[in-house]
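The values are calculated or read from the model by the stated rules, or taken from the named source; none is laboratory data. Remember, it's a predicted structure, so these values are computed and weren't measured experimentally. Cβ atoms come from the backbone with ideal geometry, glycine included; neighbour counts cover every protein chain shown.
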Amino acid sequence: MSDKKSPNRFHGRVGDGRALCAHAGCHEPGEFRAPDLYGAASGFDGPGSYRWLCFNHVREFNSSYNFFKGMSREEIEESQTPFAGWATETRAFTNGGVDSPPKWRDFHDPLDAISARFRARQDARMPKERADGRRLSEGDRKALDVLKLDIDADRRTLRQRYTALVRQYHPDHNGGDRAHEKALQSVVEAYQRLRTSAAFK
């Protein structure tokens, strides 16, 4: 005994037989799905509306169905191209993406393009160095972030920023408000670290 609920790949019967054939006046079970000519069309947003037909009426429908009916010649040609729907780049592959693919036309060897992309990624991960060549440790860089200073800041700029932030966060300059004590402590620690750093001597 066959199970009508499971699809039969040989003849396309997919319905469970509980729905009647949608053809006017037919009382046979509708076991075959066919596009609804008066419903929503199939497109980019998903499949269109469909209806259930019996074996005889779905065969009649299939013999007269024309997918291209109502389309212009240009629309038919566009739907038949193997690249239909892929005429434009998706967001992930546009130049505005975080990691744009290499332009293959600029390379003779695909391996050169792959290695160039790898080098670009490595360069992006490398921390920026000071223009004067003085080395900054990871702790120095974090301290500069706390003080909101550029890596090329000099000793004078360091001192000026420290003074400005102390005035901004110190309770004596905020009517006794101690809400910024944690920020003030971070500023003092960052300054004490940088003032003794080799990059600012």
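When residues of region 149-170 are filtered for being in contact with a helix residue (DSSP H, G or I) (Cβ under 9 Å, 6 or more places away or on another chain) and closer than 13 Å to V188 by Cα, how many remain?
Initially, region 149-170 is screened for residues in contact with a helix residue (DSSP H, G or I) (Cβ under 9 Å, 6 or more places away or on another chain), giving 149-151, 153-155, 158-159, 161-162, 165-170.
When the remaining residues are screened for being closer than 13 Å to V188 by Cα, the result is 158-159, 161-162, 165-170.
Selection size over region 149-170: 10.
State all residues of region 22-48 that are loosely packed, with under 14 Cβ neighbours inside 10 Å and modelled with pLDDT of 85 or more; if no residue qualifies, say none.
Of everything in region 22-48, those that are loosely packed, with under 14 Cβ neighbours inside 10 Å and modelled with pLDDT of 85 or more turn out to be A24, G25, H27.
Out of all the residues in region 166-180, which are outside any loop (DSSP other than H, G, I, E, B) and surrounded by 13 or more Cβ atoms within 10 Å (Cβ to Cβ)?
Our first condition is that a residue be outside any loop (DSSP other than H, G, I, E, B); within region 166-180, this holds for 166-169, 171-173.
Once the filter is applied, which keeps residues that are outside any loop (DSSP other than H, G, I, E, B) and surrounded by 13 or more Cβ atoms within 10 Å (Cβ to Cβ), region 166-180 yields V166, Q168, Y169, P171.
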